[in-house]
Amino acid sequence: VQLQASGGGLVQAGGSLRLSCAASGGRFSSYTMGWFRQAPGKEREFVARISGRADSTYYADSVKGRFTISRDNAKITVYLQMDSLKPEDTAVYYCAASVNPWGSFRLSYDYDYWGQGTKVTVSS
């Protein structure tokens, strides 16, 4: 499974961005997909995840109400819509895929495949 993240960039505080993660190979619709981020000097942290059939989502408290994760299994793509961005959202964002049928899906080790990351910078 290969994952290609895109959509990052520079945006002012209060603005929006939509990240995309295109997958190739594997059985995409059976994978839980997640987004993580890593700010400079900090550890990678969980942002959001979505189940294979998109019937379950979960968000980190820091982004709840501002970010929306979604997926289009026909296009084998997962999205992260980011609204009301804050400077503290600045980070490299990674998408990840888990082939496991169960788990919290909130930890890095829950995931088997990772994209290369896309950088998001929010200016104040």
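Numbers below:
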read-out	value
Convex hull of Cα atoms in the chain, direction-averaged projection (nm²)	6.8
Residue-normalised accessible area of the chain, given per residue in Å² at a 1.4 Å probe	52
Centre separation in Å (Cα based) which lies between segment 71-86 and segment 14-54	8
Under the Karplus curve 6.51 cos²θ - 1.76 cosθ + 1.60, θ = phi - 60°, whole-Hz ³J(HN,Hα) for segment 108-122, x wherever Gly or Pro sits	4, 6, 6, 10, 9, 10, 10, x, 7, x, 9, 8, 10, 10, 10
Inter-label distance, nm, simple model (7 Å from Cα along the C-beta direction), SER30/ALA60	3.0
Cβ charges +1 (Lys, Arg) and -1 (Asp, Glu), total dipole of segment 1-63, debye	140
Listed residue (ALA96, ALA48, ALA5) projecting farthest to the positive dipole end of the chain, Cβ model	ALA5
Environment charge of ALA54, counting only residues whose C-beta is closer than 13 Å and scoring Lys/Arg +1, Asp/Glu -1	+2
Heavy-atom accessible surface of the chain: percent carbon and sulfur, 1.4 Å	47
Heavy atoms of VAL78: accessible area, 1.4 Å probe, square angstrom to 10	0
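The values are calculated or read from the model by the stated rules, or taken from the named source; none is laboratory data. Computed from a predicted structure; not experimentally measured. Don't worry about glycine lacking a Cβ; one is built from the backbone with ideal geometry, like all the others, and counts go over all protein chains shown. Surface accessibility is based on the protein's heavy atoms, side chains included, excluding ligands, DNA and RNA. Shrake-Rupley method; radii C 1.70, N 1.55, O 1.52, S 1.80 Å.
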